[in-house]
Every structure is written in structure tokens, then in C-alpha cells.
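For reference, the structure discussed in these notes is given below.
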Amino acid sequence: MSRLSSRHLLGLENVPKEDVSLILKTTNSFREVIDRTIKKVPTLRGITVLNLFYEPSTRTRISFELAEKRLSADTVNFTTSTSSVKKGESLRDTVQNIEAMKIDMVVVRHSSSGAPYYLTRCMDANIINAGDGAHEHPTQALLDMYTIWRKYGHLDGLRVVLVGDVKHSRVIRSNIWGLKTMGASVALCGPSTLLPYEVERFGCDVYTNIDEALDGADVVNVMRIQLERQQSGLFPSQREYTNLFGINKQRLKLLNKNFTIMHPGPMNRGVEITSEVADSGHSVILEQVTNGQAVRMAVLYLLSGRKEEEEE
Amino acid sequence: MAGKKYDLVITGGRIIDPALGFGKDAYVFIKDGLIKKIVTPAAAVQKEVKSLDKALIVDATDKLVVPGLIDIHVHLREPGREDAETIESGCRAAAAGGFTAVCCMPNTTPRIDNQETVKFVQDRAKDCDARVYVVGAVTKNLEGKELSEIGDLVKIGAVAISDDGKYPQNPEIMRRGLEYAKMFNIPVMQHAEDQYLCAGGVMNESFQSSRLGMKGAPAVAEEIAVLRDIALCRFTGARLHIQHVSTRQAVAAIREAKKDGVRVTAEATPHHLVLTDEEIGKEFNTNLRVNPPIRTAADRDAVIEGLVDGTIDCIASDHAPHSEEDKDCEFDLAPAGMIGLETTLGLIKTYLVDKGYLSWADAIRKMTANPARILNLPGGTLAEGSPADITLIDPDKKWTVKADKFRSKSKNSPFIGWKLSGQVYKTILGGRIVFEQ
């Protein structure tokens, strides 16, 4: 198995295990490239990649851009503040104009769930979802999974707890699908007002008590809690959130011995995670960032040049 | 033409007229735009037909002959959005769907909250392919703040009032609307969705919205709105009509209210009777975005059950045209609504009659006599002396829904490509054939 079953990466739901394994293995090769003195390979020479960001993003955009440059692709950035979007041009017109300039691949972030799927209907380029609404953020989940896989050598049988705003988190959704596909056991934890309707149907263990969630877990992936959720009345105060769900040193005692602390960033230190935990020896938060580049290189490489007729 | 005996004679068809209560083979004689007589084809009748000009004969062998269908919930978009639909194109779509009468909602631009706009719509509807009855606004500009001049609206011909698309959130305003409408013996047609609970919702709140990460409009928003309005209806003794019922709990609430003698009626749309929210994640088809949203299978089944047991009185399409430009976008940015006039009959036949939920007679009753009764409209019957509004149906004809076949100016249907059974054969309005296959 040396190719993915799809020519786009729109999400991880329904992506077969073979595809995820292939991405993780390929990531391993590119991870080694990043550690070299000369961090560049000619793999995507002649390929043009558009980074289409309809939502503000720092690290995901930089991570993709660096991944593209290290693969020798030509890259163009498009963000809403410099686009014709503000003039009222439709998404279809925008991307078709850009594609007319011969773009091969599009990395898209958008506030609407399903926008990357919509793009596959508008253009021929390979589409990579860099986050759509609260739907999916597959490369983030893949880098989380790669980071775990690199440390433990496997994903199956591990207990991973995803803590935070489950309702609005695309990172959590993609992690759920990916981790379950790879045989990990997934637990979700957050305030009940931030759990989506019928959350139990995701097939995970669901907790509103953080201590119960952490008990016997191997990995804790802590999500950023957004202040605006408190402002819209979904929880009473940041203080109470920290008391009930914040990850601190005391709570780590509940975890398995060789435990791992993760956070996709950006962190609210002292809110969802204490600095002591974030900066501890068990934290792989910065390694996640490094691995993110390698994962994105792998995805770009595996999808590049894949045409419509090759769809299986 | 002087001396012309009849406008048309329909021969060979099977009559289904729930209002008359019979379903048999008969010939329909039409004269001066009215139904002159309906008679069984005895020898004398056959002889009379033979003596007539052949051009007058409509051969309806193997077809159903039913009263012209009535849709009490459509959006014709004129005035304001003539790019999406006009009264003329909407009436052509109605005729193609077998509907000879439609009731248009007031959320046009400007709103139908004054006599001038009612008059405008009535004038534009003259000589169109369907009768258009106007529903006026409950509140000025549909803002839910002050009552419109409902007496004026009724005087010029409004058949009901509605703030459709919006829910008068303030119960005091709704109470006054009901009380005031009672004077004129017209119902308030209610789009029952609590606006606070639905704020920002783009689909049903369910595991599907959880999976897709979309903001949900919960079923409880409809339940609360329906319960509140039933309470106000009971209290005022006025008439309430619940539009597009979509949830299990709303059906249960209406059923209970009817048992208690509350003067409430209800409608269901074909899309709530056929679709579920699991469709949305397949292709993010913006034509599936509609308010109230398509719900779970359990809700859909409850709406069917309500229709079958009479809790829900009638079928209405909530025909809501939107231009291709407006619908060709991200799912959550698309305007809500889908067209329905031209697919209603085929969907009801295929998914309710063929599946054994409704007999043909029941289905026709819910698209003719019942809606006519709710709004006290003429029509919905083939009784002698009635206007000759008649729909001929090819009951088992297989057909495929095609975008380029729609008479509507808009194509926003999620049913494009669907294979249906049961098709309109001819539509007759006041003795004139306005549509034929």
C-alpha cells in the first residue's frame, strides 16, 4: 500500500486504517529531513500550493508554508484581509480565479463546516483541510497521533483523554476518528454545556469529572478554552473552568506511569493547563509543533499529482 | 362561442373526491368554467359525448381525476426577489405540480402588511396559471412588535395572517394577534420556532450536527413554540394553524390539544415527511438547508404518524425559491428553503401512498378538502357548480426529477435526480387546461 485511497484530505472520519498508517510512516521519513542541516528536498518541485485562509491562523499556516517550502513547492498565501472576499466575491469565484493561475493544491481553513468539500466541487486541485468550522482539522489530529506513535511505538490499546470544548473543537473530532481507527481508546471530558448533543454516539467514554477521565489514562490532550464561550454563557467563569477541568500537577497522579501531556496550542497558561504541567518532562507540546511540519510534508507529498481519474 | 355546450368533458378517469366522498368512474362536464355535472358513463352519457366536438374531450383513461390541489404555504418572492420567482412563474410551477390554488406568504420586499401590497399581488396573479390567495402579516414588517392593519388586509382579501419565517417571540403580541384575527374568523399561521433556542442554528441539533460541527436548531425550540401557542390559542379561543410541523414532540402536543378541543390545525411538508438530517453530511447540499430543519428518522416517522392519524390536517410544500447564486456557497451561509410545488405530489405518492401510510383518497384529501377547510377557501371539491379546478394524475407513472424541467425560476430542490412514481397528467383551472405533460 503506497498510495492514499483519496486525492483530498477533508477529514479523518471514514479514512481507512491503511491510509492513516501510510501517512504516519511517511511522516517518519520527513521527520528525519527536518532534523538535517539542509532541510529541503526537491519532492514537490514545480508544484504550486495555495494556502487559503479564511480564518486567522498563525501556527497552522506557518507550519504548512514551511512544509511546502521544505518540499520545494511554490507557495502562495491568501488571507481574507488581502482578498476580494471583503468585496463580496463568492468562494467559488475566488478559487476558480486563483486556479486559473494554475494552482495544483489548496490548503484551506474556513469557518464553515464542509467548505473543503465544497471546494472539491469547484476546482480540480487537491484539497487539504486545515480546519473547517467545528468539523475537522485532520492534519492536527495526525500530528497528535504521530507524536503519540513516535513515543510509544503504537497507538492501539492506549488510553487518550481529550479535554475541553468538545462541542466546538474540530481538533477533538478529528482526533476521535483517527484514534479510534488506529485502535486507541478515547475519552472525552468537558463541561456538559460544551459537550455536543448525543456525544455518546461518537463511541467514546464521556466524562464531566476530570479526575474520573484521567484515571488510568496514558495521554492527555488538553484543548484551548476560548473566552468567548464563557461570554456566551456556556460556562460561568474561567476560574470555575480551571477549578473543575484545569490540568495541574495534582491531577497527573491519576495517570499511568509513562504518561504524556499534549496541547495543540495556543495555550492559556493557568487556565486549562498550568505552566508547571505544560513545561514538564512529560509534555510533548513543542514536539507536536515540529512533528506538525513533518505530517504536513507527508500529506502534501502523498496527495500531490493525484488526479480525478485515479480516484479509487 | 354561442351555443357551445361545454368547455371540456373529461372521460374515462377515476374520480377521487374526498369532499363528495366517492371514488368511481365518471365523466366530468365543464361549462362556463364550472363543473356542470359529474355522471357515471351510462349509455346515454356515452352517446352525448360521441355527439360532441372531439377537441373538447379530455381522455383520462387510467388517470385519477381529483379536485385541483391546494397548497396553503408557498413563497412567490414577488415583490422583491423576482430573480428567484415571480407570481407568474410560481403559478406555472404550481400548475405543473397539479396545484390550482396557492397561498403566498407575506415575507416579500416590501412585506405584505398593507392593502397596497395585497392588491399588487392580486393584480399580478390575474390570468396566471393558479389562483393566488394572499396571507397577510401578523405584525408590521414581520417585526413581532405591532399588529398590522389586519382588518384592512382581510377586507381586501387576505385569507389568513402569518409572520412566516419568523416567530413572534413576545407572547403578548401573539396573544393580541390571535384575539384580533378571531374577529375575522381567520387563523394565525405560525412558524413555530423559538428564536432564542434556534439562534445561529443551520441544521437540526442531533448527532449529525455534533458530527459535522454545525450549530444546531434543537427540536425543543419547535416544541416550546407550539406549546406556548397552543396555550394562547386555548386561552383566547382563536384559531391557530401550525406550519411545517417537524418534530415528534410538536406532533404529540398538537394531538393532545385537538383532543381537548383547542382550535388548532397543522400542516406537514413533503421534505419533513421524506428526508432526515443524515443526508446533510453526505454532500453538504445547501438545498437541504431549510427552516425548520429536516430532523431525525424518529421525528420524520412521528410526523408521518401525525399525518396518518389526522393530527396533521394537510400537506403544504413551503415552496421557497432561492436563486442558484444564493445557494451556491458554503452550507451555513446559504439561505434556508427549498422549492416544492413540482415535487410534492410525486413524493407523497412514492413515500406515503406506495409505502402504505396513506390511501390515494387520504392523500388527496390532505391536499384539497382539508387545506380548503382550514382557510375557508373555495375549491377542494368536484361538486357540481364548483369552479372547474381539476387535476388529472397518472397514478403510477415513473419519472425522474430534473432541474431543467422545473417551471419555477429557481432550481433549489434536494430531490433532483430522485426517481418518483405518480405524475401530474393535466391541470385544469376554471375549465382551462393550464398544464399538460
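The values are calculated or read from the model by the stated rules, or taken from the named source; none is laboratory data. From a predicted model like this one, the values you see are computed outputs, not experimental measurements. Cβ coordinates were reconstructed from backbone atoms using ideal geometry, including for glycine residues, and neighbour counts include every protein chain displayed. The protein model used for the area step is the full one, side chains on, heavy atoms only, and it has no ligands, DNA or RNA in it. Shrake-Rupley method; radii C 1.70, N 1.55, O 1.52, S 1.80 Å.
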- Message: I need two numbers for the range B:73-149: Rg to one decimal and Dmax as a whole number, Cα atoms only, in Å.
- Response: 12.2, 38
- Item | For the range B:211-287, accessible area per residue (1.4 Å probe, heavy atoms of protein chains only), Å² | 33 Å²
- Note on the structure: Of all trypsin sites (Lys or Arg not before Pro) in the range B:287-343, the ones in DSSP coil with at most 14 other Cβ atoms within 10 Å are none
- Query: How much solvent-accessible surface does A:HIS282 expose, in Å² to the nearest 10, with a 1.4 Å probe and all protein chains in place?
  - Reply: 60 Å²
- Scanning chain B, every Cys lacking a C-beta partner under 4.7 angstrom -> B:CYS103, B:CYS104, B:CYS198, B:CYS233, B:CYS314, B:CYS329
- Query: Once every DSSP H run of n ≥ 4 in chain A is given -39500 (n - 2.57) and the sum is divided by its residues, what mean residue ellipticity at 222 nm do you get, rounded to the nearest 500 deg cm²/dmol?
  - Reply: -11000 deg cm²/dmol
- Query: Taking a probe of 1.4 Å, how large is the accessible area per residue of chain A, in Å²?
  - Reply: 42 Å²
- Output for the range A:231-286 (equivalent-ellipsoid semi-axes, sqrt of 5λ from the C-alpha gyration tensor, Å, descending) is 22, 13, 9
- Note on the structure: Dividing the alpha-carbon radius of gyration of the range B:1-136 by 2.2 N^0.38 Å, where N counts its residues, gives 1.31
- Task: For B:THR86, A:THR58, give the ranking by accessible area with the largest first, probe 1.4 Å.
- Result: A:THR58, B:THR86
- Message: Rg and Dmax in Å for chain B, alpha carbons only: what are they?
- Response: 21.2, 70
- Query: Taking a probe of 1.4 angstrom, what is the accessible area of A:ARG170 in Å², to the nearest 10?
  - Reply: 40 Å²
- If ligands, DNA and RNA are left out, what is the accessible area of B:LEU358 with a 1.4 Å probe, given in Å² to the nearest 10? 10 Å²
- Message: What whole-number volume per residue, in cubic angstrom, does the convex hull of the C-alpha atoms of the protein assembly as shown give?
- Response: 178 Å³
- Item | Loop trypsin sites (Lys or Arg not before Pro), the range A:50-148, which have at most 13 other Cβ atoms in a 10 Å radius of their Cβ (DSSP) | A:LYS102
- Item | Cα coordinate range in chain A, projected on the principal axes (Å, largest first) | 55, 43, 36
- Accessible area that becomes buried as B packs against A, both chains, 1.4 Å probe, Å², nearest 100: 1700 Å²
- Note on the structure: Carbon plus sulfur, as percent of the 1.4 Å-probe accessible area of the protein assembly as shown, comes to 49 percent
- Query: Short version: ³J(HN,Hα) in whole Hz for each residue of the range B:292-303, in order, from phi by Karplus 6.51 cos²θ - 1.76 cosθ + 1.60 (θ = phi - 60°), x for Gly and Pro, what are they?
  - Reply: x, x, 5, 10, 7, 4, 5, 5, 4, 5, 5, 5
- Would you compute, from DSSP H runs of 4+ residues alone, the mean residue ellipticity of chain B at 222 nm, taking -39500 (n - 2.57) per run and dividing by the full residue count, rounded to the nearest 500? -8000 deg cm²/dmol
- Note on the structure: Links exceeding 20 Å between C-alpha atoms in this model, out of B:LYS4/B:LYS37; B:LYS215/B:LYS282; B:LYS155/B:LYS182; A:LYS25/A:LYS102, come to A:LYS25/A:LYS102
- Item | Kirkwood hydrodynamic radius over Cα pairs of the range B:191-252, then Stokes diffusion coefficient at 10 °C and 1.306 mPa s, in µm²/s | 129 µm²/s
- Task: Quantify how strongly other chains surround peptide B:200-212 by giving the mean number of their Cβ atoms within 10 Å of each of its Cβ atoms.
- Result: 5
- Task: Based on alpha-carbon positions alone, could you give the equivalent ellipsoid semi-axes of the range B:161-291 from the gyration tensor, as √(5λ), descending, whole Å?
- Result: 29, 14, 12
- Item | For the protein assembly as shown, share of DSSP beta bridges that run antiparallel, in % to the nearest 5 | 30 percent
- Over the whole of A:110-121, what's the average partner chain Cβ count within 10 Å per residue? Rounded to a whole number, please. 5
